[in-house]
Amino acid sequence: MDGNGRWAKQRGLPRIEGHRRGVETVRTMTFAARDLGVKMLTLYAFSVENRNRPEDEVGALMGLLEFYLRKELETFVRDRVRLRTIGRTGDLPAGVQRLLRDTVKATEKFDDYTLVLALNYGSRTEVQDAVGAYAAAVAAGSEPPGSPAWDRFQNYLYTADMPDPDLVIRTSGETRLSNFLLLQAAYAEWFFTPVFWPDFSREDLATAIADYHRRERRFGRTSEQVRPAGTP
Ligand code: FPP
């Protein structure tokens with residue numbers, strides 16, 4: 001969800017105004033994605049590295065997150081949206097942690113559509129945490145020593161029981177991965193758009209998904225293997 005700061009700057013507004021508008025886009029996209037057939041939407045809301053931003057911006061972002069969670073709990077329950085998180089959420093402010101816990105608990109039974117918030121998330125810290133947990137499991141005898149099979153190791157990632165992303169969209173014209181789901185997105189399709197997150201619309205999302213559907217996903221195989229002669 002990139003470009004909030006530049007969106008605000010272009011309008012002579014403080015950066016936090018961009019984030020505030022960004023929250024509106026979060027609301028729109030949560031339901032737009034579902035309407036377009038998406039089963040799971042993950043939003044990169046706050047990275048481990050974002051903690052190094054000026055203190056007032058980090059504080060304002062946490063405030064926005066708290067406000068958002070307070071407001072959305074009822075909507076999620078009414079509209080059957082399951083909320084989950086990935087990241088070191090234990091380092092977030094206590095009030096945010098409490099709201100996250102309550103919302104995750106109140107929506108845990110919904111299984112049609114899931115919104116995942118990546119909060120205090122970074123792929124590298126995820127790997128560190130997973131390796132630590134895996135090593136502890138080996139020491140306890142619940143995992144075998146030696147190189148783990150991927151299918152076992154991935155159970156120690158924050159995304160343990162989530163599918164890998166099919167499509168990753170980055171807004172604002174940047175073409176970096178920025179420590180986001182690096183392992184899980186190994187075979188994801190990427191879509192880069194110049195649109196700033198506060199301006200990202202339903203139509204933009206539909207365009208990205210239509211683009212995704214035109215791609216051939218080969219997962220290391222040949223075109224002939226994934227599309228044998230005679231198949232449309
Ligand atoms: C990147 O734009 C955006 C962020 C670091 C924060 C995103 C957070 C929100 C939209 C609000 C809180 C989240 C939820 C789920 C309620 P940037 O500030 O880096 O933009 P810039 O690159 O133009 O400066």
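GNM on the chain, alpha-carbon springs under 10 angstrom: the most fluctuating residue among ARG15, ARG202, ARG221 is ARG221. For segment 167-175, the Karplus equation 6.51 cos²θ - 1.76 cosθ + 1.60, evaluated at θ = phi - 60°, returns couplings of 9, 10, 10, 10, 8, 5, x, 7, 10 Hz by residue, with Gly and Pro reported as x. Here the label points at LEU73 and ARG98, each 7 Å from Cα along the C-beta direction, are separated by 1.0 nm in the simple model. A DSSP coil position with no more than 16 other Cβ atoms inside 10 Å describes the following GluC sites (Glu not before Pro) in segment 136-217: GLU174, GLU216.
Summarising the amide proton neighbourhood of LEU182: residues at separation of 5 or more, or on other chains, whose placed amide H is nearer than 5 Å comprise SER123.
Partner lysines whose Cα lies under 25 Å from the Cα of LYS105, excluding those fewer than 8 positions away in the same chain, are identified as LYS39, LYS71. For a Förster distance of 35 Å, can you work out the FRET efficiency between the beta-carbons of ASN52 and ASP112, rounded to the nearest 0.05? It comes out at approximately 0.40.
Comparing mean-square fluctuations of ALA94, ALA32, ALA206 from a GNM of the chain with C-alpha springs under 10 Å, the top value falls on ALA94.
Quotient of the Cα radius of gyration of the chain and 2.2 N^0.38 Å, N being its number of residues: 1.09. Loop-resident chymotrypsin sites (Phe, Trp or Tyr not before Pro) (DSSP state other than H, G, I, E or B) in segment 126-232 with no more than 12 further Cβ atoms inside 10 Å of their Cβ: TYR187, PHE219. Between the amide H of THR85 and those of LEU117, distances stay under 5 Å, these residues lying 5 or more places away or on another chain, with hydrogens modeled in the peptide plane.
Values quoted throughout were computed directly from the atomic coordinates according to the rules given, and no laboratory measurement underlies them. In this text the structure is predicted, and so the values were computed from the model without any measurement. Virtual Cβ from ideal backbone geometry, glycine too; neighbours counted across all protein chains shown.
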